[in-house]
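Down below is the structure, laid out as structure tokens.
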Amino acid sequence: MLDRWSVRCGTISQVTSSPSAAQHLRDLALLRRVRDRMDRDYAQPLDVEALARGAHMSAGHLSREFRRAYGESPYAYLMTRRIERAMALLRRGDLSVTEVCFTVGCSSLGTFSTRFTELVGVPPSVYRRQAARGTAGMPSCVAKQVTRPVRNREAPVTDLQPG
């Protein structure tokens, strides 16, 4: 009797706790579409609820699955895309920090500046001044790669040598 119960419970937990491989692949395809939409429409007012509706998922499910697939929340991914684009616009030098903030889809200058500083290491106004000098004469494709923001978990680990 115990063996039958174990088998039945094991089968039930497998059915209810793990999605099928086909469903997992469908979810991954939907997540790629969400990520592609954020890459393409970063300047539009996007939020997790709107992205989830477009993917026919709940906001909670989208957030969990996106983090599982890409290692960060949809909001963090979107803000990183916006900051990358802001860096390019600030390097150009023809827009103010406020104009860049709104051009990349941020609605709050304070949030934009805070997130920019977290990812890049300096405030947008300082970056704008430094970038003009640091990337002078550099092809834009190289400047983009060299100045890409580094998230905290991507920062290189330095070897600590005993003194």
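The values are calculated or read from the model by the stated rules, or taken from the named source; none is laboratory data. Every value quoted in this text rests on a predicted model; they were computed, and no experiment measured them. All Cβ positions, even for glycine, are placed from backbone atoms using ideal geometry, and neighbour counts span all protein chains on display. The area values use the complete protein model at the heavy-atom level, side chains included, leaving out ligands, DNA and RNA. Shrake-Rupley method; radii C 1.70, N 1.55, O 1.52, S 1.80 Å.
Tabulated values for the structure
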{"read-out": "Failed item in (1) exposed (fewer than 15 other Cβ atoms within 10 Å of the Cβ); (2) modelled with pLDDT of 95 or more, with Pro124 passing the rest", "value": "(1)"}
{"read-out": "Flag if Glu99 is at pLDDT 95 or above, open to solvent by 50 Å² or more (accessible area, probe 1.4 Å) and of a type in the set (D, E, K, R)", "value": "yes"}
{"read-out": "Pairs, first farther than 13 Å from His61 by Cβ in region 21-49, second of a type in the set (A, V, I, L, M, F, W, C) and in a loop (DSSP other than H, G, I, E, B), C-beta under 8 Å, six or more apart", "value": "Arg33/Ala55; Arg37/Leu46; Met38/Leu46; Tyr42/Val104; Ala43/Val104"}
{"read-out": "Only one of Thr158, Thr114, Thr135 that is at pLDDT 90 or above, more than 14 Å from the chain's Cα centre (by Cα) and hydroxyl-bearing (Ser, Thr, Tyr)", "value": "Thr114"}
{"read-out": "Of the criteria (1) open to solvent by 50 Å² or more (accessible area, probe 1.4 Å); (2) aromatic (Phe, Trp, Tyr); (3) touching a Phe, Trp or Tyr at 6+ places or on another chain (Cβ under 7 Å), which one Tyr75 fails", "value": "(3)"}
